[in-house]
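Input: a single structure, listed below in structure tokens.
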Amino acid sequence: MEATRRRVKQGKAVANLRCPYAFGLVGLLVLLGCQTTPSGPTPPPVSPIRFVDVAAQAGLRYTWTISGKRPLSALPLIGNGVAFLDYNRDGNLDILLVGEKPGLFQGAGKGAFTDVSATALPTLTGQFSGCAVGDYDGDGFEDLYLSAYKGGALLHNQRGERFTDVTVASGLTAQPWGTACAFVETQRGSGRLDLIVGNYAKFGADYNTQELCSVRDKQGKPILTACPPRYYPPLKPTFFRNQGKGVFTEATASSGFARAMGRTLGIAAADFDSSGQQAISLANDELEGDLFTKQNAPFVNVARRAGTHTDREGNVHGGMGTDWGDFDNDGLLDLFVATYANEAKSLYKNEGGGLFTDVAYSAHTSPAASPYVTFGCKFFDADNDGWLDLALANGHVQDNIEQIDTVQTYRQPTLLLHNLAKQGGQAGFADLSKQAGEALQKPIVGRGLATGDFDNDGRVDLLIADSEGKPLLLHNESTIKGNWLGVKLIGTRSNPSGYGAVLTLTAGGKKIVRHCHADGSYLSSSDPRVHFGLGQTEKAESLTVRWPSGKTQTVTGLATNQYHILKETP
């Protein structure tokens, strides 16, 4: 055991381990001790939940390719994000695919998309990876931020017709290695969306860091592969304060984010403690996770006190994607963090009082997903039964891993973890991936993942990036007939996108809590419309919205099985 640890310190991989722990983004496998984990509930042989890849017939003609020599380094392996948005405000979701040449596809609401990249996007150059969507200037149209290696671009929406590059005029500066990014209303009552951009690590010749490392293949011969994250000093996220009138100022130190751990790959915000302020979770690669909360100024990192900094055994994560959602319907928002292969896929249950418990094993998120390198992750109600399920996009970070490891593969399937709470037991998940359609079983280099109802039929669909292939547009064709209700928020005193609002729906005598957000997952942005699955309940009694401004608004008489637009009252 000690010899194994010494080998890792010398930068050599330990291969052929069937129960390893691993170092985050790339990870040289290290045998630190294996444990027996529960296998999880047995999924049914036939599932009413079904997803079909309709990307080709929908018109998503786009391919991600990685050129250059092999094996690949960490930089191209970071991957790509995707987004559902409604940039022209016609009520139909559009699609953004992020790459060196981003693609924008206008949706018609019936499953067809038209490539408008040439006319609606400016000419952009750079190694773009992630995206954030939000109306930062309050004109009623969603704007874009694209993160990049040694760059970044803020694109202003010109009233649904096209985007213009306003990066320089806005005051935003180029980031050293921009990754996850999110628009968040951090100042209660400001009504403005600030921008936080995660950065990964110091990399390449500029920092005198190596790009490839030597390991042993399965035959014991030395070969090169991508280096683990510990080779690269972490970079901190950057926080930009929205000053209004389209101008941002960098305020990382004064806001408290200079105390972040760094190597950030996932960002998700939510008012998890009903304080009226947004808390921001940062998933970091092989460093402790961050959880920033704010009562006054600046933000304070409470991850250690809350229990979200490591897994239940005190191990740091190869933290990648992250998302908030009330998976057990107790009215408290819980936190999920996607991680590297053979690391716990942590599900932090919100216990109240600012404390969390990692229930990854008892809720069976970790056993099902443990073998995979998980990036994209989103809570969503796949079958409208009123309980949040989980979608996970997977793909390895060493393109030659099959030469090194006897178990791992570069391309990996997508996972659907179905919440079984409706069946009468404790809230937990069963792996329905093999029962829910062939599209989920297709091996891909999975990275970004977004959720959204692109055909407005009340069943939430999935959009996934295959960073060495074509996008997957997974149409939800589940046969179960659950009722639903959808809400698009428009803030007046709060930010126009309504991000950060907490919604409580009373239906059938039960309360369901969801929050308005587009962030979360990995490098991606999702449909911000708030979706409630209702199961067999046909009537909603009331909906209460706690806006980021602090205002509480209650409406009644909302019809089910349709979308509603709710504007914040003065």
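Some notes on this structure:
- Considered as a group, the residues in region 155-177 that are in contact (Cβ under 8 Å) with a residue 40 or more places away in the chain and open to solvent by less than 10 Å² (accessible area, probe 1.4 Å) include one that is nearest to Thr238 (Cα to Cα), and that residue is Gln175.
- Residue match in region 115-126 (condition: on the phi < 0 side of the Ramachandran plot, surrounded by 20 or more Cβ atoms within 10 Å (Cβ to Cβ) and touching a residue at least 60 places away in the same chain (Cβ under 8 Å)): no
- Pair list, Cβ under 6 Å, 6 or more apart: region 426-449 residue farther than 11 Å from Ser47 by Cβ, other residue surrounded by fewer than 24 Cβ atoms within 10 Å (Cβ to Cβ) and among the basic types (Lys, Arg): Pro443/Arg411; Ile444/Arg411; Val445/Arg411
- Only strands (runs of 3 or more DSSP E) whose full extent lies in region 1-118 are considered here, and the ones with at least 1 residues that are at pLDDT 95 or above and within 30 Å of Ala226 (Cα to Cα) are 82-85, 94-97, 103-107.
- Listed by position, the strands (runs of 3 or more DSSP E) enclosed by region 219-326 that each have at least 2 residues that are open to solvent by 10 Å² or more (accessible area, probe 1.4 Å) are 222-226, 238-244, 247-250, 279-287.
- Residue selected from region 479-497 under the condition of a type in the set (D, E, K, R) and assigned to a loop (DSSP other than H, G, I, E, B), by the criterion surrounded by the fewest Cβ atoms within 10 Å (Cβ to Cβ): Lys481
So that you can scan it fast, the table gives a plain yes or no per residue for (1) within 22 Å of the chain's Cα centre (by Cα); (2) assigned to a strand (DSSP E or B):
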residue: Val407; (1), (2): no, no
residue: Ala450; (1), (2): yes, yes
residue: Arg459; (1), (2): yes, no
residue: Gly469; (1), (2): yes, no
residue: Leu474; (1), (2): yes, yes
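- Qualifying residue in region 515-531 (condition: among the basic types (Lys, Arg) and more than 26 Å from Ala338 (Cβ to Cβ)): no
- Within region 511-530, being over 30 Å from Pro76 (Cα atoms) and either open to solvent by less than 30 Å² (accessible area, probe 1.4 Å) or free of Cβ contacts under 8 Å to residues at least 24 places away in the same chain (or both) holds for Ile512, Val513, Arg514, His515, Cys516, Val530.
- Considering only residues in region 200-218 that are touching a residue at least 40 places away in the same chain (Cβ under 8 Å) and hydrophobic (A, V, I, L, M, F, W, C), the one that is surrounded by the most Cβ atoms within 10 Å (Cβ to Cβ) turns out to be Val215.
The values are calculated or read from the model by the stated rules, or taken from the named source; none is laboratory data. Here the structure is a predicted model, which is why all the values come from computation and not from measurement. For neighbour counting, all protein chains shown are included, and Cβ atoms are generated from backbone atoms with ideal geometry for every residue, glycine included. When the accessible area is computed, the model is the full protein with side chains, heavy atoms only, and any ligands, DNA or RNA have been set aside. Shrake-Rupley method; radii C 1.70, N 1.55, O 1.52, S 1.80 Å.
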